[in-house]
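What follows is calculated from the coordinates using simple rules that are stated; it is not laboratory data. Just so it is clear, the structure is predicted and the values come from calculations on it, not from any experiment. Because the Cβ atoms are built from the backbone with ideal geometry, glycine has one as well, and the counts that use them run over all protein chains shown.
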Amino acid sequence: MTWKRLILMSASFGAGFAIVVSLIFGGVVLYQSRPRSWNTNALKAHFQTMELSTQPQQDSFILDFIYDIENKTNRDYEIVPLNLTVLANLTEGQSLSKEFGHYQTSDAVVSGPPFIPAQGKARISIRVTYAYPSEFTANDKNDLSKVTKSVDRRLQELSSLAIFDKTHYYRIDLPEGWKKLAESDVNKN
């Protein structure tokens with residue numbers, strides 16, 4: 001009778017152990033597969049300026065959105081452009097888009113220093129290339145007032161920008177500052 005009891009206890013222990021291991025494994029899998037939220041507090045952006053580069057001999061102009069990024073963490077933040085996705089928050093529909101409005105010719109490109117030190121700041125640029133409107137002549141491409149009107153139309157399509165770092169799960173919201181910049185230019189004239 002003791003052997004039967006020992007076998008029964010061993011089988012009960014084995015089954016109980018298997019159930020506990022299964023529950024722990026299932027809990028870990030469930031925990032790891034839950035939706036992860038984006039950290040919006042690790043890096044903060046401050047708009048600095050916007051630069052326009054015209055290319056009259058070519059079919060496009062370039063807008064550089066310049067931001068200072070503040071690293072609020074206690075670790076250096078490495079800027080790896082391949083891990084970053086830059087999206088525009090479109091004015092129409094307030095939706096995120098890889099397209100920065102009409103006439104964009106290529107994806108937005110992030111450039112800047114290789115890292116931002118812990119609790120430090122660094123300046124980055126978001127470069128977006130746009131095609132000149134098809135009706136532009138060679139003279140129109142050299143006319144800054146006509147190019148500026150086209151730039152203004154592109155900027156009206158944007159309400160802000162955002163960078164997503166899929167490695168660290170950081171979201172960097174880049175506020176629009178170009179409207180204030182345009183208003184100050186109007187007030188100067």
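Of the residues making up the stretch 80-96, those that are in a loop (DSSP other than H, G, I, E, B) and within 18 Å of residue 127 (Cβ to Cβ) number 1.
Would you mind stating whether residue 151 is among the aliphatic types (A, V, I, L, M), on the phi < 0 side of the Ramachandran plot and over 20 Å from the mean Cα position of the chain (by Cα)? Answer is yes for this residue. Filter the stretch 109-121 for residues that are in contact (Cβ under 8 Å) with a residue 40 or more places away in the chain and closer than 30 Å to residue 58 by Cβ and give the result. Across the stretch 109-121, the qualifying residues are 110, 112.
Within the stretch 133-168, the set of residues being free of Cβ contacts under 8 Å to residues at least 40 places away in the same chain, in contact with a helix residue (DSSP H, G or I) (Cβ under 9 Å, 6 or more places away or on another chain) and charged (D, E, K, R) comprises 140, 146, 152. Is there a residue in the stretch 133-156 that is surrounded by 15 or more Cβ atoms within 10 Å (Cβ to Cβ), among the aliphatic types (A, V, I, L, M) and outside any helix (DSSP H, G or I)? No, the stretch 133-156 contains no residue that is surrounded by 15 or more Cβ atoms within 10 Å (Cβ to Cβ), among the aliphatic types (A, V, I, L, M) and outside any helix (DSSP H, G or I).
Residues in the stretch 52-64 that are in a strand (DSSP E or B) and touching a residue at least 60 places away in the same chain (Cβ under 8 Å) were compared, and the one that is surrounded by the fewest Cβ atoms within 10 Å (Cβ to Cβ) is 52.
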